[in-house]
């Protein structure tokens, strides 16, 4: 029997889920998730950035049929697309490409919205395309880690986000554990990581830097908007 979240009791349910899942290992968390949620109600997204291979590998070995949604903003580094294709082939991923509205995407290009309106640029090219997809799911797997930013350090394994539950199975992994997993399983690294890019997003808003220091430099912005409370199901 799968778990069906009810909006009226969601906060209590998230608390119960955290009590159940927090003591488990990462692999046990992922495996147990599908005892509570049907796979077709589980959303998994990946940016195929510098730290994506870890969770992608875990999902591919624990729940290989899980679809992986990739938001193609059209502004990715060519190295990111090449890395995506490499991991899809290596791990046998079931990839689903998500594209922004063509006309709105063109407008952001013509007016270079990433310069003066980075939040709106992310909304058009990342958030809006994913919104109807999120609305069809009950739980959303995310690869956030607590050591990455102050915002992420406050997250639990499960968090209520609008009308979807975010699942952070690797939130409490240490950097040493993360690096050890990559080495042990001989997982390839993003080709730009060796050039000094600690975190990689779109070309216009990514510079070299340790951790996430190179993201939206000088823009008073640290997240694209996928992780804070943006998503509300319109039919709720």
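A few comments on the model shown:
- Some residue of the stretch 140-149 being without any contact (Cβ under 8 Å) to a residue 60 or more places away in the chain, under 15 Å from residue 55 (Cβ atoms) and in contact with a strand residue (DSSP E or B) (Cβ under 8 Å, 6 or more places away or on another chain): no
- Of the residues making up the stretch 159-186, those that are part of a loop (DSSP other than H, G, I, E, B), at pLDDT below 95, within 25 Å of residue 91 (Cα to Cα) and over 14 Å from the mean Cα position of the chain (by Cα) are 172, 173, 174.
- Condition check for residue 65 on (1) without any contact (Cβ under 8 Å) to a residue 40 or more places away in the chain; (2) within 29 Å of residue 201 (Cβ to Cβ); (3) not in a loop (DSSP other than H, G, I, E, B): one failure, at (3).
- Of all residues in the stretch 37-58, those satisfying the criterion of being touching a strand residue (DSSP E or B) at 6+ places or on another chain (Cβ under 8 Å) and on the phi < 0 side of the Ramachandran plot are 37, 41, 42, 43, 44, 45, 46, 47, 50, 55, 56.
- Only listed residue being in contact with a helix residue (DSSP H, G or I) (Cβ under 9 Å, 6 or more places away or on another chain), loosely packed, with under 14 Cβ neighbours inside 10 Å and either modelled with pLDDT under 85 or in a loop (DSSP other than H, G, I, E, B) (or both), chosen from 189, 156: 189
- Residue match in the stretch 72-90 (condition: assigned to a loop (DSSP other than H, G, I, E, B) and within 23 Å of residue 181 (Cβ to Cβ)): no
- Single match in 221, 136, 126 (criterion: at pLDDT 85 or above, farther than 23 Å from residue 58 by Cβ and assigned to a loop (DSSP other than H, G, I, E, B)): 136
The values are calculated or read from the model by the stated rules, or taken from the named source; none is laboratory data. Keep in mind that this is a model prediction, so the values were computed, not measured. Neighbour counts run over all protein chains shown; Cβ positions are idealised from the backbone, glycine included.
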